[in-house]
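Take a look at the structure below.
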Amino acid sequence: MTEMPPPNSPNPSRVSVIVPTYQEADSLGALLDRLSRVREGGLELEALIVDDDSRDGTEEVVRDLSLPWVRLITRRGERGLSSAVLAGLRAASGDVLIVMDADLSHPPESIPDMLAALQSGADFVVGSRYVAGGGTEDGWGVLRWVNSKVATIMARPFTSVKDCMSGFIGFRRDTWLNAQDLDPVGYKIGLELIVKCRCTNVVEVPIHFSTRQYGQSKLTLKVQLEYLDHVLRLLRWKYPGWSSFVPFALVGISGIGVYAALLAIFGVILQDILSDDIQIILAILLTIGWNFTFDRWLAFWYARGDTIWRQFVGFLGVCSVPVVINFLVTIWLVGDHMVAPAAGAIGALVGSVAGVLFNWFVARAIVFRRNASD
Ligand SMILES: Nc1nc2c(ncn2[C@@H]2O[C@H](COP(=O)(O)OP(=O)(O)OP(=O)(O)O)[C@@H](O)[C@H]2O)c(=O)[nH]1
Ligand SMILES: [Mg+2]
């Protein structure tokens, strides 16, 4: 007896293959030829070529082939791989959505394996170079390999998928409809979707990744730097508390160094001009200014739209509480017959630890509030 697929499993005969292209006219004929052979295997498959106005003959290639199952979407005035993929996903009509590169790096012949994995319960499939049976063509330079590995390691906080940098991906329409806050930033739309669709059962199908034969790579240094920004955004999305608290604590530690350095400098240059008390107050205020600037930038990035002066006054108010704790603990210990320097050090330590936690919680709740839309 053959087992019935679960009721929500995709009908494998309705597949949309989204192919983002920028100046890939030379590869398109061969790609569509190989896709048409996959179709002949019994799939109802449409291809959506999402081209960013390449003007390299892409439109002519598609028009001349005149294949009824191929649609060309030409975006004018907009560029970007991820946003092109999202445009293709929105226009697709299939129950299963596959995304692949146009440059023949991704073998269309692996699509049936990807569909089989989805039918067996995967909620996301990745055409993977880094699982048994997969690989890359010889001639991948050391630099590109290291590049890919480093990028993969940086994605570890989000997924254990071995080839999460792959652009050859597939999922059910309902999986992508459940995605939250999709951000069309960067080049790694696969990683973005795995995280934002909260996919838990990601299956890697081995593929042999071919080196492009025609056209030029769009994987420039700028694109690679944008990946750092993408990882930061994903961290802030997935771990909003930690990605606020860790920079806050680090800025707090840096503040101790800044305070000590200011006191040392003032001791030399302001000795004859200002009294010790005034020097200390000045150093405290400047250190609070330092912490405010970096905290607002790195720990409370989401509240940068609010009025800066109101935030600064609030921050000043919040910071003064641990300063008072530090002071009171010191006084109490001195009163308890402890020698002043030791009391000062303990007071500062208690004040700092309490200060970081207190400041972070209260600053978050009162000064740097999150809008409902953040
Ligand atoms: N629509 C659109 N497609 C893009 C854009 N940038 C890249 N692509 C397409 O995305 C796919 C992947 O780009 P590639 O340049 O092959 O990047 P890569 O695979 O990481 O690097 P190489 O294979 O070495 O070229 C290709 O089909 C490109 O044509 C873009 O801005 N808009
Ligand atoms: Mg490529």
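The values are calculated or read from the model by the stated rules, or taken from the named source; none is laboratory data. Bear in mind that the values here come from a model prediction, so they are computed numbers and not experimental data. Here the Cβ positions follow ideal geometry from the backbone for every residue, glycine too, while neighbour counts run over all protein chains shown.
Couple of notes before you dig in:
- Looking across Ile194, Ile207, Ile189, Ile253, one residue alone is over 16 Å from Ser166 (Cα atoms) and either among the aliphatic types (A, V, I, L, M) or outside the structural domain of Lys149 (by TED's automatic domain parsing) (or both). It is Ile253.
- Checked against (1) among the aromatic types (Phe, Trp, Tyr); (2) in the same structural domain as Pro20 (by TED's automatic domain parsing); (3) assigned to a helix (DSSP H, G or I), Phe248 passes all but condition (2).
- Close pairs from segment 205-230: first in a helix (DSSP H, G or I), partner within 13 Å of ligand 2 (Cβ to nearest atom) and at pLDDT below 85, Cβ under 7 Å, at least 6 apart: none
A quick yes/no check of all residues on (1) assigned to a loop (DSSP other than H, G, I, E, B); (2) outside the structural domain of Ser16 (by TED's automatic domain parsing); (3) out of contact with any Lys or Arg (no Cβ under 7 Å at 6 or more places or on another chain):
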{"site": "Ile98", "(1), (2), (3)": "no, no, yes"}
{"site": "Asp103", "(1), (2), (3)": "yes, no, no"}
{"site": "Leu118", "(1), (2), (3)": "no, no, no"}
{"site": "Gly133", "(1), (2), (3)": "yes, no, yes"}
{"site": "Trp140", "(1), (2), (3)": "yes, no, yes"}
{"site": "Trp145", "(1), (2), (3)": "no, no, yes"}
{"site": "Thr152", "(1), (2), (3)": "no, no, yes"}
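- Among the numbered conditions (1) of a type outside the set (A, V, I, L, M); (2) more than 25 Å from Leu35 (Cα to Cα); (3) within 14 Å of ligand 1 (Cβ to nearest atom), the only one that Gln180 does not meet is (3).
- Some residue of segment 85-97 being within 16 Å of ligand 1 (Cβ to nearest atom) and in contact with a Gly (Cβ under 6 Å, 6 or more places away or on another chain): no
- Subset of segment 183-204 [among the hydrophobic types (A, V, I, L, M, F, W, C) and either assigned to a strand (DSSP E or B) or within 14 Å of ligand 1 (Cβ to nearest atom) (or both)]: Val185, Ile189, Leu191, Val202, Val203
- Scanning segment 167-181 for residues that are under 19 Å from Arg198 (Cβ atoms) and not β-branched (Val, Ile, Thr) yields Gly170, Phe171, Arg172, Arg173, Asp174, Trp176, Leu177, Asn178, Ala179, Gln180, Asp181.
- Number of residues in segment 44-96 that are assigned to a loop (DSSP other than H, G, I, E, B) and within 28 Å of the chain's Cα centre (by Cα) equals 13.
- Test: residue in segment 88-102 that is more than 15 Å from ligand 2 (Cβ to nearest atom) and farther than 22 Å from Val38 by Cα: yes
- For segment 283-294, the criterion of being more than 30 Å from Gly241 (Cβ to Cβ) and either touching a helix residue (DSSP H, G or I) at 6+ places or on another chain (Cβ under 9 Å) or outside any loop (DSSP other than H, G, I, E, B) (or both) is met by at least one residue.
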